[in-house]
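Bear in mind that the values in this text are calculations on the coordinates, not laboratory data. Everything numeric in this text was worked out from a predicted model, so none of it was measured. Neighbour counts are summed over all protein chains in view; Cβ atoms, including those assigned to glycine, are modelled from backbone coordinates with ideal geometry.
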Amino acid sequence: MSQSYRYQLGSKTYQFADLAELMAKATPARSGDRLAGVIAESAEQRAVAQLLLAEVPLKTFLNETLVPYEDDEITRLIIDEHDAEAFSVISHLTVGDFRNWLLTDTASTEVLKQVSAGITPEMAAAVSKIMRNQDLILVAQKCRVITAFRNTIGLPKRLSTRLQPNHPTDDVNGIAASMLDGLLYGSGDAVIGINPATDNVTQATRLMNLMDEVISLYEIPTQSCVLTHVTNTLECIENGAPVDLVFQSIGGTEKTNSSFGFNLAILAEAQQAALSLNRGTVGQNVMYFETGQGSSLSANAHHGLDQQTCEARAYAVARKFDPLLVNTVVGFIGPEYLFDGKEIIRAGLEDHFCGKLLGLPMGCDVCYTNHAEADQNDMDNLLTLLGTAGCSFVMGIPGSDDIMLNYQTTSFHDALYARRVLGLGAAPEFEAWLEKMQIMSNAGLAQLTNHLPPAFAGSLNSSAVRHFHG
Amino acid sequence: MVEDKDVLITDQYKADEDMVTHNPWRQLRQFTAARIGLGRAGVSTPTRESLEFQLAHAQARDAVHTELDVETLQQQLLQLQQDFPQITTQPPLILHSRAIDRVTYLQRPDYGRQLDEESFTSLKPYYTKTPYDLALVIADGLSATAIHQNVVPFISALLPILIDGIEDFTLAPITLVQQGRVAIGDDIGEALNAKAVLMLIGERPGLSSPDSLGLYMTWSPKRGLTDDKRNCISNVRQAGLSYATAAHKCLYLLSEARRLQCSGVAIKDRSTEKVLDSSAVQTSFLLDNKVDRKGVNGK
């Protein structure tokens, strides 16, 4: 079934044992592939691999699976649910042709939507490997993925934000303080989502109640999520907790996901449970997934694939469950997978492109850790590029500093910068709320009011705050 | 984080009031170390807050790239040990992982988990048939700053507690590892024949905590053990978990490990459950809003 690939360059013969090796060697350089031992041995070998990959027919990816069908439920998902009719439009193309086709005016927003279910993650990964950053931006920008729960995410010229009010001890007032800060800076339309410091059902329920009560009291057209394990959320639902979105970190191989403690059946069960609560008002996308290059290698479950191909395969898992949001947490994993700003930026653009092409509401945690060779300027670059590419949402955190997870992501201020410089709005329902609450005087122009919004003044005079000041 | 009273420059920002919109909810920093209520110039971070962030990042970066000063540390530990001649008389040993430098270390976690050949050989004379009760391993990890600031006072707090708490307590020679990761402690513990290893390692520096020390305890250490066999105590530093508390937690973990003859998920640190219970009753100020419904709902 598998064939080897050869290329003659002058007197030198390059040989690649199979499609997986060809894909890995064609991948733009990054430290995780070096760590896995699958990286190209030279720049020339990489360029040759890209030339050869461009000649591979898209059909090959349906016949030659990179992780065996028998061993992996994600491969089975990809193959069994492949939409042959959608694929027929591009079935005659090679990977190289596919890049050209994606760049043409023929591949309009409408056409890309129709073809999406015919594209497999491996096809998306392959074509991304021979695309430059500007190609990834241009094509992603043509893709439109709209999802909804209590507001609408992904409309043209919109950039939503996840308000991420984490606190190292899950202190409710600490979390509420960051929530208030975010709301008053116009953040939180994608979701108000907390990474709990203590990860169990009791704690998750507490945090769900806190967010639910705030959303109800201030009538915020948004949704909440506690980023706890899917089985915890299922238990919360059974206990009657107010669950808007079900969260799970997902990877691109069955083995990765079993190391995360779940499989497709559990996700299906959780999705049904969340749907049964019927808490959405304008839509019923109830899942929130996070991904990131390197997770399969980190779980020793990458089957010899490069990390970007594994990542794209995770999107097959995501699209099975009609998520409201998919977030690639691109710089969180550390420099052993993405070494510096250049690698993080490239990976962020790849993930966003592949996700969008496969029909996902793709957002990005534009982020870095302190041991990566990256800084705020790299994040400014990636944020601006992703905003241009039509990224569905980014994170929002006070002053870029996550004091619980110890990494830096985009701030509330950063999102306002992107909205202004690129002319992007928040979700329309949320924009209307921002103006109604007098947080913004003109939400379309990201203009904040100069006074304390009256609806929130009371909470600053609450007994808890006054008591603290004696 | 830089406290308000320590701000870098004060007088140069007198014109501030005209250009920077301040946030009255900055007072909520009472509740959190998060950078809330930063204010804004236009919609952007004001100059001072922007530069304070840069300072914090610079400190975290320096913590990652500062070299572990093994010679000074060796001298300090030698001096410290002289107060406890009953548990060890061996001088601290300096070892190196297979990661030759920081750039390699950051990209090859597998190298950081293994001793280089020379270090491995150098441990042989210290192997004993009667196992040591504990091996203390100190590694730079991702913050040599954490080691420089916390290791000596922490060990000073730890040793008397262990001597009191464990009968005829014996300590293997203390080892100092350059470019080391957590798992290298298991190699060392095995090579020395220690019943347990306690790894003291610089944690990944956060923007507000460049000096955080992590402690990892493994019972019956062996090469190739995974994280679920370890118990972790995190955030040991002056502004975090105190040395005394951390030392008591170590004694608790070690005693439990000796009793159960294992470590990791089988041992539960009961002290954390109490913390959770006490905070479960709180409600947030954001829900204690005294304005009437009409006010809350806007117009």
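As an exercise, identify the trypsin sites (Lys or Arg not before Pro) in the range B:199-234 lying in DSSP coil whose Cβ has no more than 14 other Cβ atoms within 10 Å.
Hits after loop and neighbour filter: B:222.
Where the only charges are on Cβ atoms (+1 Lys, Arg; -1 Asp, Glu), what is the dipole of the range A:128-268 about its Cα centre, to the nearest 20 debye? Write down the numbers at each step before the final one.
Numbers: 10 positive and 13 negative charges, 189 e Å.
Result for the range A:128-268 is approximately 900 debye, rounded to the nearest 20.
As an exercise, take the mean of 1/r over every pair of distinct alpha carbons in the range A:422-470, invert it, and state the Kirkwood radius in angstroms.
Kirkwood radius, the range A:422-470: 12.2 Å.
Given the convex hull of the Cα atoms of the range A:25-92, what is a quarter of its surface area in nm²?
5.8 nm²
Would you calculate the volume per residue, in Å³, of the smallest convex hull containing every Cα atom of the range A:390-439? Numbers along the way, then the final one.
On the way: hull volume 5.1 nm³, N = 50.
Residue-normalised Cα hull volume stands at 102 Å³.
Just the ratio, please: alpha-carbon radius of gyration of the range A:153-233 over 2.2 N^0.38 Å, N its number of residues.
Dividing the Cα radius of gyration by 2.2 N^0.38 Å gives 1.08.
For residue B:117 and residue A:106, what does the FRET efficiency come to when R0 = 60 Å and r is the distance between their Cβ atoms, rounded to the nearest 0.05?
Between residue B:117 and residue A:106 the formula returns 0.50.
In debye, nearest 20, what is the charge dipole magnitude of the protein assembly as shown about its Cα centre with +1 on Lys and Arg Cβ and -1 on Asp and Glu Cβ, if you could check?
Its charge dipole is roughly 780 debye.
For chain B, list the DSSP H helices whose alpha carbon atoms reach 24 Å or more along the long axis and whose average Kyte-Doolittle value is 0.0 or above?
The qualifying helices are B:144-165, B:243-260.
Rg and Dmax of the range A:355-394 over Cα atoms: what are they, in angstrom?
Spelled out, the Cα radius of gyration and Dmax of the range A:355-394 are 11.5, 33 Å.
How large is the Kirkwood hydrodynamic radius of the range A:56-183, counting all unique pairs of alpha carbons, in Å? Walk me through the intermediate numbers first.
Working: mean 1/r = 0.0568 Å⁻¹.
Computed over the range A:56-183, the radius equals 17.6 Å.
List, in the order given, every pair from A:255/B:222; A:129/A:342; A:25/A:129; A:59/A:113; A:157/A:356; B:129/B:249 whose Cα-Cα distance in the structure shown is over 18 Å.
Correct reply: A:255/B:222; A:59/A:113; B:129/B:249.
Can you list the residues, at least 5 places off or on another chain, whose amide H is less than 5 Å from the amide H of residue A:56, using H built in the peptide plane?
Amide H neighbours of residue A:56: A:95, A:96.
Using only the alpha carbons of chain B, determine the length spanned along each of the three principal axes and report them from longest to shortest in whole angstroms.
79, 42, 36
Along the charge dipole of the range B:175-267, pointing to its positive end and built from +1/-1 on Cβ of Lys, Arg, Asp and Glu, which listed residue (B:178, B:235, B:224) has its Cα farthest out?
Ranked along the dipole, the leading option is B:224.
Towards the positive end of the charge dipole of the protein assembly as shown, with charges on Cβ (+1 Lys, Arg; -1 Asp, Glu), say which of B:115, A:185, B:156 has the farthest Cα.
Farthest towards the positive end: A:185.
Once Lys and Arg get +1 and Asp and Glu get -1 on their Cβ, which of A:369, A:281, B:209 lies farthest toward the positive end of the dipole of the protein assembly as shown?
A:281
Would you mind estimating how fast chain A diffuses translationally, via Stokes-Einstein at 4 °C and 1.567 mPa s with the Kirkwood radius over Cα pairs, in µm²/s?
Translational D for this selection: 57 µm²/s.
What share of Cα pairs, in percent, lie more than 23 angstrom apart in the range A:208-340?
Beyond 23 Å sits 36 percent of the P(r) for the range A:208-340.
Taking Rh as the Kirkwood radius, which is the inverse of the mean 1/r over Cα pairs, what is the Rg/Rh value for the range B:144-185?
1.02
Go through the range A:119-156 and name the trypsin sites (Lys or Arg not before Pro) that are in a DSSP coil and have 14 or fewer other Cβ atoms within 10 Å of their Cβ. List each step's numbers first, then the result.
Details: sites: A:129, A:132, A:142, A:144, A:150; in loops: A:132, A:144, A:150.
Passing sites in the range A:119-156 are A:132.
Give me the aspartates and glutamates in straight-line cross-link reach of residue B:195: C-alpha distance below 15 Å, same-chain residues under 8 apart excluded.
List returned: B:133, B:167, B:168, B:186, B:187, B:256.
Rounded to the nearest 20 debye, what is the charge dipole size of the range A:1-63 about its Cα centre when +1 sits on each Lys and Arg Cβ and -1 on each Asp and Glu Cβ?
Details: 7 positive and 6 negative charges, 12 e Å.
So the magnitude is around 60 debye.
What Kirkwood hydrodynamic radius do you get for the range A:318-465 when you take the inverse of the mean 1/r over all pairs of distinct Cα atoms, in Å?
Final number for the Kirkwood radius of the range A:318-465 is 16.7 Å.
Step through the residues of the range A:64-76 one at a time and calculate ³J(HN,Hα) from phi using the Karplus curve (6.51 cos²θ - 1.76 cosθ + 1.60, θ = phi - 60°), rounding each to whole Hz and writing x for Gly and Pro.
Coupling constants for the range A:64-76: 10, 7, 7, 10, x, 3, 5, 9, 9, 6, 6, 4, 5 Hz.
Just the ratio, please: alpha-carbon radius of gyration of the range B:54-145 over 2.2 N^0.38 Å, N its number of residues.
Rg over 2.2 N^0.38 Å, computed on Cα atoms: 1.29.
For the range B:124-156, list residues with backbone N below 17 Å from a point placed 7 Å from the Cα of residue B:258 toward its Cβ?
Residues B:130-136 fall inside that zone.
Return the sequence-ordered ³J(HN,Hα) values of the range A:198-207 in whole Hz as given by the Karplus equation 6.51 cos²θ - 1.76 cosθ + 1.60 applied to θ = phi - 60°, using x for Gly and Pro.
Per residue, the Karplus-derived 3J(HN,Hα) values read 9, 9, 8, 5, 4, 5, 4, 4, 4, 5 Hz.
Please report Rg (one decimal) and Dmax (integer) in Å for the Cα set of the range B:53-209.
15.7, 53
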